[in-house]
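Right, one structure below, let's go through it.
The values are calculated or read from the model by the stated rules, or taken from the named source; none is laboratory data. What you see is a predicted model; the values in this text were computed from it and never measured. With ideal geometry, Cβ positions are generated from the backbone for all residues, glycine too; neighbour counts draw on all protein chains shown.
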Amino acid sequence: MSRILILERSVAERIAAGEVVERPASVVKELIENSLDAGARQIVIEIEGAGLRLIRVTDDGAGITADDVPLAFERFATSKISRIEDLETVQSFGFRGEALPSIAATSRVTMVTRDAGASAATRARLTGGAIEDIQPHGAPPGTMVEVRELFFTTPARLKFMKSPAREQALVAEVVQKAALAHPDVTFRLTFDGREAAYWPKAAPVDRAAEALAAGRPVELIPVSGAVPGGTMRGWLARPERARPTRTGQHVFVCGRPVQSALVRRAVEQGYAQLLPVGRFPGFAMFLELRPSSIDINVHPRKLEVRFRDESNLFGAITRHVRTALLGSPLIRHAAAQHDARSAIDQSAAVQAGDAPQSAVGLSLEIREGVATYGSMVVNHRLPVLRPIGQLLGTYIAAEGPGSVYLIDQHAAHERVLYERLIAAYRRGGVTSQTLAVPIPVDLSPAHAVLLAGHRDQLEQLGFQVEPFGLRTALLRAVPATIPGASLDHLLHRALAALAGDGDEPGNDPLERLAIATACHTAIRAGDALEPRAITALLNDLAATEDPFTCFHGRPTMIAVSREQLERWFLRS
Ligand code: ADP
Ligand code: MG
């Protein structure tokens, strides 16, 4: 072993710098946060060579006085806290006084800064952290920080860089998140002299719509409410705008962008059953929590956050999201063309395999708000529908105020049966219907074991099954809500659902059992329906909590508005 040595200060600083300055995007993040802390209204971010050649951030914030400029580059030099107690109440992004010295240690930095009261600006130039010169300079109030040749002092870092395109994308993401959290600030981002994005000062919902890339602002569903330790507010993308990836999910705690698997999962849980498997909802969620209920300082880059009361926070977020989603009209509309999703979103979607949903040139789109349905909307939910008849043996045609509705009879009936089962279960028991003749069902050894282990849950949902010999069970009763066809298949499916190896979504075995039961027994595509059965189904559907989606996340109905019909027939 070699002797233990204490590292030379400059070496130690470069190592520590790596904690803060991992890649160009982390430099951009620190510089933007400094600009925001300085009260900037306009921030321009210029990037060249994916940030390795040049990062320049210019703001119109408070600036730094000439005397303080050298201090800004000292480690642990900050204007934002002075006492340890301040940590409890700190509102600014920075407070460690580490960013500028770390950035300077790994690059060539030029800073030009002028505080509003000063007659001239100050320019400081540093190489590898050492100040080369500080001079008065002509410049408007505000601060410009230029970072050239990032990592020239620590070339080993360069090996960890991803492709230029990827590093640029990470920078864009940082700016995007800052723009989302600060709609009252104008941001401009250029790559190699070309404008990549421009966010003029905007209403919060407009910024959110842009960041979620999930349609127009009116399509977003606002959500807000109390959570343990504070409040939450945000916007949710409509379920049909969900994507195959989690891009478009943004979490902020006290204005800081954070990664939080907890918040992400809580929101996704709120969308349960509204999304097909493998689809992720877009959302922007802002949590304002008292400092005592979070620990934001667990990571040098302050990305991770820890919550004190995790399980109650999770539950509260899920509930608010659920309420917001179920309280909004989630009817899907047919439209002749896509609305103006941004070009970036379109190409990103196509790359991700998220081709626009379309069949025979139709795509799904949401009408603006509820206004179209006027006073006919009951609780923002399903309008009163007049049944017309069955189409193609599979769909129900109905007329509502100003629109024609096509309803998928299987999906609709699934929704009805599922909610009935769950409601009966919650009320304390699903009524069973005893079979006149018990049905023997052959079981695989695996299913026999499952049956033995899950008889309680089966009974809670109205099934009565008894083991009968080693490989056979006797089905004596089934839930009263269900029609009595192919009950042996139903039992097999129910057992697979309990085991979690069927295709039912959900984590809870009982819920999967309810889904399997509803799905198996619902009217199928191709089943002929009497007018009376159609009316009954529409009434039952209207009484459900979520009439618009089956639990696989498919729509139960699609509306075609009068305006749409007029467009198709070229009447308007
Ligand atoms: P921290 O942000 O944690 O205080 P930094 O190293 O990022 O530490 O910045 C050091 C100090 O330099 C800040 O506390 C602030 O006083 C000053 N400063 C940095 N950037 C700016 C800026 N864009 N505008 C005004 N002051 C700045
Ligand atoms: Mg800072």
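Data overview
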item: Scope region 49-66; condition assigned to a strand (DSSP E or B) and more than 15 Å from residue 151 (Cβ to Cβ); matching residues; result: 56, 57, 58, 59
item: Enumeration of residues in region 305-336 that are part of a strand (DSSP E or B) and under 17 Å from residue 286 (Cα atoms); result: 306, 307
item: Subset of region 20-37 (residues that are within 11 Å of ligand 1 (Cβ to nearest atom), of a type in the set (D, E, K, R) and either touching a residue at least 60 places away in the same chain (Cβ under 8 Å) or out of contact with any Lys or Arg (no Cβ under 9 Å at 6 or more places or on another chain) (or both)); result: 29, 30, 33
item: Test: residue in region 231-241 that is farther than 27 Å from residue 414 by Cα, touching a Phe, Trp or Tyr at 6+ places or on another chain (Cβ under 8 Å) and at pLDDT below 95; result: no
item: Boolean, residue 272 is under 30 Å from residue 566 (Cβ atoms) and modelled with pLDDT under 90; result: no
item: Looking only at region 274-283, and only at residues there that are surrounded by 19 or more Cβ atoms within 10 Å (Cβ to Cβ) and out of contact with any Ser or Thr (no Cβ under 6 Å at 6 or more places or on another chain), the one that is nearest to residue 32 (Cα to Cα); result: 283
item: Residues (in contact with a helix residue (DSSP H, G or I) (Cβ under 8 Å, 6 or more places away or on another chain) and charged (D, E, K, R)) located in region 163-176; result: 167, 173
item: Any hit, region 519-542, residues being in a loop (DSSP other than H, G, I, E, B), in contact with a Lys or Arg (Cβ under 7 Å, 6 or more places away or on another chain) and surrounded by fewer than 20 Cβ atoms within 10 Å (Cβ to Cβ); result: no
item: Among the candidates 495, 513, 487, 450, residue that is within 31 Å of the chain's Cα centre (by Cα), free of Cβ contacts under 8 Å to residues at least 60 places away in the same chain and surrounded by 15 or more Cβ atoms within 10 Å (Cβ to Cβ); result: 513
item: Verdict on residue 460 being surrounded by 14 or more Cβ atoms within 10 Å (Cβ to Cβ), in contact (Cβ under 8 Å) with a residue 12 or more places away in the chain and in contact with a Gly (Cβ under 9 Å, 6 or more places away or on another chain); result: yes
item: Leading residue by the ranking (surrounded by the most Cβ atoms within 10 Å (Cβ to Cβ)) among those in region 104-117 that are more than 15 Å from residue 132 (Cα to Cα) and at pLDDT 95 or above; result: 113
